[in-house]
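J.: Provided herewith is a single structure, encoded as structure tokens, for subsequent inquiry.
The values are calculated or read from the model by the stated rules, or taken from the named source; none is laboratory data. As the structure is a prediction and not an experimental result, all values here were calculated from the model. A quick note on method: Cβ atoms are made from the backbone with ideal geometry, for glycine too, and the neighbour counts reach across all protein chains shown.
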Amino acid sequence: MATVQLRDLCGVRSGDKGDRSDLTLFADDEATYRAVLDAVTPEVVAAHFGDLVTGPVERFEVPNVLAVKFVLHGALGGGGPRSLRSDNLGKTLGGALLRLVVDVPDEVAAASPRRGRRAPVDRTPIS
Amino acid sequence: MTGTTPPSGGPTGPPADRVVRLGGGQGYYGDGYAGVAPLLDAGVDYLVCEALAELTLAILQKDRQRDESLGYTRDLPLYVAAALPYLVDGRTRFITNAGGINPIAAGRAVVDGLRAQGVRGLKVATVVGDDLRAHSGHLDLPDTTLFASVYLGATPIVEALDAGADIVITGRVADASLFLAPLVHEFGWAADDWDRRSAGVTVGHLLECSGQVCGGNYSGEWWTHGDFTDPGFPIAECRADGTAVITKPEGTGGLVSFDTVREQLMYEVHDPAAYLNPDVTADFTSVRLTEVGPDRVEVSDVRGRPAPATYKGLVCTPAGWSGEVRLAYGWPDAEAKARAGMRFLRRRADQLGVAVEEWHEEYFGVNALGGPTVDLASIDAAGREPAEVLARLVWRCDERAEAARLGREAGLLGLAGPPMVTPFGRTRDTGPSQLLALEAIAVERGLVDPGVRVAVEEV
């Protein structure tokens, strides 16, 4: 097994409804999808977010698009217009999920097209 | 699938070959509209603008409190103006839920605006019946209710289009139903044709967030596909069998790929096997996405089930006031200084007896957004120290004046607190901000449907 950060394995999209954060991980092939299902359980996600999330974590499997969805209840400090958080809609929580470190089969880690992929930083002054 | 298909402009061939082109021109109130002109240039039979997030009605409610003739999204005239030449030519029809909590006033403003420009011959339809305050007795709404709206489905929009409307303005209609409606109108899909209705809702869900299906907010290689200043907004080429191709105008930035479309497909849907909409329960686990060309993704195989028995309503009530302080602390020991400064304010609140119901603290540069997912122990062990930390302390009070009291105390931190502190940005704070609670409720259809009305006015 190889230890990897989800950032090097998956895409992610964050959304919200009420006081719930809705996060989806996207795998690029079947083997990665299976590995994510094995490694990223609702319990693991709940532990990862700690006291940021006050309610249960649900997981949904979407094999037709190789997606694994998590709905985090009580995740937004009371919901958008009630929350004291800067990120009151949880737009950045997908990134927080990608911070998770998991163990996956060696071949899955090695084959991931997202491995080591980093956006270039353009530090040219804008004026 | 054919490569490119000209705008159908109405029935032009055998039903199986007809293509109806929908354009997603808006994803929320405040969205940029740079992507709208390319959509119209490329040719769309319907320009559909989704203006209402959960939060938006609360903003519009504050407008209406100040002025009874407001309560709709104020950028509506911009969209009408952009679409006008195409509306007048009969090339495009325009559907929007920009009516917010005052669709009648929105319709009035649009009609008056068209007349003032000398436009003649356009039909403007207004849909009402989503305001639940008319049913407050049955629903036991709290006295403090600021607004209460029900998510209507496609039916009244279909009625308006059947009546020849060029512009349809609604209040709270479910986002995806805005897009389902023209497909039901064009293809005559039956009320219990759950698979095709589900296909229409799927297309609507993919288009309702404008640029987000075309590479916006994309977690893949967003830096490799074009310029954000020339955004690609989405087009769906829809057929009577329920299949559709998602694409974008040629020459615009962004990307339409399997990856960008599936990210939008999953956006905010909760249970993907049961996406609840007033018109159908869509099963996104049945959807097949196929790349059929550059920036072209076909959507097929969509299955659906009967719609939920009840409508979804949203009830908004006041939830107190928040005050906050934001200060930037520079290296060295930036986090230590930031935390000490905020701790000082917290103690000061106790000394003053400020009635705070809830506290929240954030340290940007440390873990403000990531919270417990940030492994501070490893960062500390590696001896890494942030170059600067932005501290934000927020508190909630029941009364506005109480929330305002503590903000004044932050002044002490300028000269009498930890060193190397500076305000963050030049924009002045406007004082406490009202917090709102939103509650989702189930509403009997029989209570709502008799009050849903469509009024069509010819300019």
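J.: Among B:A160, B:A191, B:A181, which is the only one that is without any contact (Cβ under 8 Å) to a residue 12 or more places away in the chain, touching a Ser or Thr at 6+ places or on another chain (Cβ under 9 Å) and more than 14 Å from every other protein chain (Cβ to nearest Cβ)?
T.: On the way: B:A160 fails: without any contact (Cβ under 8 Å) to a residue 12 or more places away in the chain; B:A181 fails: without any contact (Cβ under 8 Å) to a residue 12 or more places away in the chain.
Every option except B:A191 fails the conditions.
J.: If you don't mind, there's one more thing I want to ask. Do any strands (runs of 3 or more DSSP E) entirely within segment B:227-298 hold 1 or more residues that are within 13 Å of chain A (Cβ to nearest Cβ) and without any contact (Cβ under 8 Å) to a residue 40 or more places away in the chain, and if so, which? Before you say what the answer is, go through the steps one by one.
T.: Numbers: elements: B:235-238, B:244-247, B:275-277, B:280-283, B:288-293.
In segment B:227-298, the matching strands (runs of 3 or more DSSP E) lie at B:275-277, B:288-293.
J.: Condition check: among the aliphatic types (A, V, I, L, M), over 24 Å from B:Q212 (Cα atoms) and more than 8 Å from chain B (Cβ to nearest Cβ). Does A:A75 satisfy that?
T.: Answer is no for this residue.
J.: Which residue pairs have Cβ atoms closer than 7 Å, lie 6 or more positions apart in sequence or on different chains, and pair a first residue in segment A:102-127 that is touching a residue at least 60 places away in the same chain (Cβ under 8 Å) with a second residue that is among the polar types (S, T, N, Q) and outside any loop (DSSP other than H, G, I, E, B)?
T.: Matching pairs, first to second residue: A:D103/A:T3; A:V108/A:T32; A:S112/A:T32.
J.: Where in segment B:351-459 are the strands (runs of 3 or more DSSP E), entirely inside, with at least 3 residues that are within 30 Å of B:S136 (Cα to Cα) and of a type outside the set (D, E)?
T.: Values: elements: B:358-364, B:388-397, B:421-423, B:433-444, B:453-458.
Where strands (runs of 3 or more DSSP E) fall fully within segment B:351-459 and carry at least 3 residues being within 30 Å of B:S136 (Cα to Cα) and of a type outside the set (D, E), they are B:433-444, B:453-458.
Residue-wise test of (1) within 7 Å of chain B (Cβ to nearest Cβ); (2) in contact with an Asp or Glu (Cβ under 6 Å, 6 or more places away or on another chain); (3) in a helix (DSSP H, G or I).
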position: A:S14; (1), (2), (3): no, no, no
position: A:L23; (1), (2), (3): no, no, no
position: A:A31; (1), (2), (3): no, no, yes
position: A:D38; (1), (2), (3): no, no, yes
position: A:E61; (1), (2), (3): no, no, no
position: A:K69; (1), (2), (3): yes, no, no
position: A:L84; (1), (2), (3): yes, no, no
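J.: Which one of A:G95, A:G90, A:G77 is of a type outside the set (K, R) and assigned to a helix (DSSP H, G or I)?
T.: On the way: A:G90 fails: assigned to a helix (DSSP H, G or I); A:G77 fails: assigned to a helix (DSSP H, G or I).
Exactly one of A:G95, A:G90, A:G77 is of a type outside the set (K, R) and assigned to a helix (DSSP H, G or I), namely A:G95.
J.: Return the pairs, sorted by first residue and then second, in which the second residue is small (G, A, S) and in a strand (DSSP E or B), the first residue lies in segment A:7-29 and is crowded, with 24+ Cβ neighbours inside 10 Å, the beta carbons are less than 6 Å apart, and the residues are 6+ apart or on different chains.
T.: So the pair list comes out as A:D22/A:G15; A:L23/A:S14; A:T24/A:A67; A:F26/A:G11; A:F26/A:A67.
J.: Got a number for residues in segment B:322-367 being aromatic (F, W, Y) and within 14 Å of another protein chain (Cβ to nearest Cβ)? Spell out the reasoning first.
T.: As a first pass, look at segment B:322-367 and keep what is aromatic (F, W, Y): B:329, B:331, B:344, B:359, B:363-364.
Add one more test, that the residue is within 14 Å of another protein chain (Cβ to nearest Cβ), and what stays is B:359, B:363-364.
Result for segment B:322-367: 3.
J.: Moving on. Given the options B:V48, B:V44, name the one that is assigned to a loop (DSSP other than H, G, I, E, B), at pLDDT 90 or above and in contact with a strand residue (DSSP E or B) (Cβ under 9 Å, 6 or more places away or on another chain). Break it down into steps so the answer makes sense when it comes.
T.: Values: B:V48 fails: assigned to a loop (DSSP other than H, G, I, E, B).
Going through B:V48, B:V44 in turn, the sole match is B:V44.
J.: Please determine whether any residue of segment B:207-225 is away from chain A (no Cβ under 14 Å), within 21 Å of B:L276 (Cα to Cα) and in contact (Cβ under 8 Å) with a residue 12 or more places away in the chain.
T.: Within segment B:207-225 (the criterion being away from chain A (no Cβ under 14 Å), within 21 Å of B:L276 (Cα to Cα) and in contact (Cβ under 8 Å) with a residue 12 or more places away in the chain), the answer is yes, since at least one residue qualifies.
J.: Just to confirm my filter: which helices (runs of 4 or more DSSP H) fall fully inside segment B:62-139 and include at least 1 residues that are among the charged types (D, E, K, R) and closer than 29 Å to B:G446 by Cα? Talk me through it step by step, then tell me what you get.
T.: Working: elements: B:76-88, B:103-116, B:136-139.
Those helices (runs of 4 or more DSSP H) span B:103-116.
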